[in-house]
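Asker: Please read through the structure below; I'll follow up with questions.
Please treat every number below as a calculation from the coordinates, not as lab data. These numbers were taken from a predicted model, which means no experiment stands behind them. We place every Cβ from the backbone using ideal geometry, glycine too, and count neighbours over all the protein chains shown.
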Amino acid sequence: MSAAAVLERVTGVPGVRGALLVSSEDGLLVAERVMEGIDARAVAALAGSLVGRLARTLDRATMRAPTFVQLRCATGAVLAAPGGEQLMLVAIVGTEANVGLARLEMLDAIARLT
């Protein structure tokens, strides 16, 4: 599955305002499909930093790296699914989004990314 197809699949979930592919190593934006007004680079940096710190902390505690991370706020959430190839799939969702469906789509899409 191509990067464009992955992003299209995730943004097809109702309530998803944007999807990003982010470098897991440095939080740099690789590809994006977001609504106007969303600062994709800032979201990529936030998700990269958050997931990276969490993975390092869990590693020090001899626990496995996270397979899915959700950061909630009053206006929605940022979802992150680390994958292979040093990439992470990130979604920006509103409060009305079905987070469970978005999670399932993200985990399946990141697994299919070629």
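Asker: Expressed as a rounded percentage, what relative contact order does the chain have, with Cα pairs under 8 Å and six or more residues apart? Spell out each step's value before the answer.
Answerer: Working: 216 pairs, mean separation 36.3, N = 114.
Relative contact order, the chain: 32 percent.
Asker: Full extension from E8 to E36: what is 0.36 nm times the residue separation minus their Cα-Cα distance, to one decimal in nm? Walk me through the numbers before you get to the answer.
Answerer: On the way: separation 28, 0.36 × 28 = 10.08 nm, distance 1.56 nm.
Extending this stretch completely gives an extra 8.5 nm.
Asker: Let me ask something additional. Provide, as a two-decimal number, the C-alpha radius of gyration of the chain over 2.2 N^0.38 Å, N being how many residues it has. All intermediate terms of the calculation are to be shown ahead of the outcome.
Answerer: Values: Rg = 12.9 Å, N = 114, 2.2 N^0.38 = 13.3 Å.
For the chain, the normalised Cα radius of gyration is 0.97.
Asker: Here's another thing I want to ask about it. Can you give the local net charge around V22? Use residues other than it whose beta-carbon is closer than 14 angstrom to its beta-carbon, Lys and Arg +1, Asp and Glu -1. Please report the intermediate quantities before stating the final value.
Answerer: On the way: positive: R33, R41; negative: E25, D26, E32, D39, E85.
Around V22, the charge tally is -3.
Asker: Related question: Using the Karplus curve 6.51 cos²θ - 1.76 cosθ + 1.60 with θ = phi - 60°, what ³J(HN,Hα) values do you get for each residue of the stretch 53-66, in whole Hz, with x for Gly and Pro?
Answerer: 5, 5, 4, 5, 5, 5, 4, 5, 8, 6, 10, 6, 5, x
Asker: Figure the gain on full extension for D108 and L54 (residue separation times 0.36 nm, minus the Cα-Cα span) and round it to one decimal in nm.
Answerer: Numbers: separation 54, 0.36 × 54 = 19.44 nm, distance 2.18 nm.
Taking 0.36 nm per residue and subtracting the Cα distance, the gain is 17.3 nm.
Asker: Please give the length that would be gained between A61 and C73 if that part of the chain were fully extended, namely 0.36 nm times their separation in residues minus their C-alpha to C-alpha distance (nm, one decimal). Mind dumping the intermediate values first?
Answerer: Details: separation 12, 0.36 × 12 = 4.32 nm, distance 2.70 nm.
Taking 0.36 nm per residue and subtracting the Cα distance, the gain is 1.6 nm.
Asker: Bins of 5 Å, beginning at zero and ending with the bin holding the largest distance: percent of Cα pairs per bin for the stretch 1-46, please.
Answerer: Here the calculated profile for the stretch 1-46 is 5, 25, 28, 26, 13, 2.
Asker: Also: What is the calculated FRET efficiency for S23 to E96, with r their C-beta to C-beta distance and R₀ = 25 Å, to the nearest 0.05?
Answerer: Details: r = 30 Å, r/R0 = 1.19.
Taking R0 as 25 Å, the efficiency between S23 and E96 is 0.25.
Asker: Calculate one ³J(HN,Hα) per residue across the stretch 70-83 by plugging θ = phi - 60° into the Karplus curve 6.51 cos²θ - 1.76 cosθ + 1.60, and present them in order as whole Hz with x for glycine and proline.
Answerer: Result, ordered by residue: 10, 10, 8, 9, 5, 9, x, 7, 10, 10, 9, 10, x, x Hz.
Asker: Could you give each residue of the stretch 39-44 its phi-based ³J(HN,Hα) in whole Hz, using Karplus coefficients 6.51, -1.76, 1.60 with θ = phi - 60°, and x for Gly or Pro?
Answerer: These are the phi-based 3J(HN,Hα) values: 7, 4, 5, 5, 5, 4 Hz.
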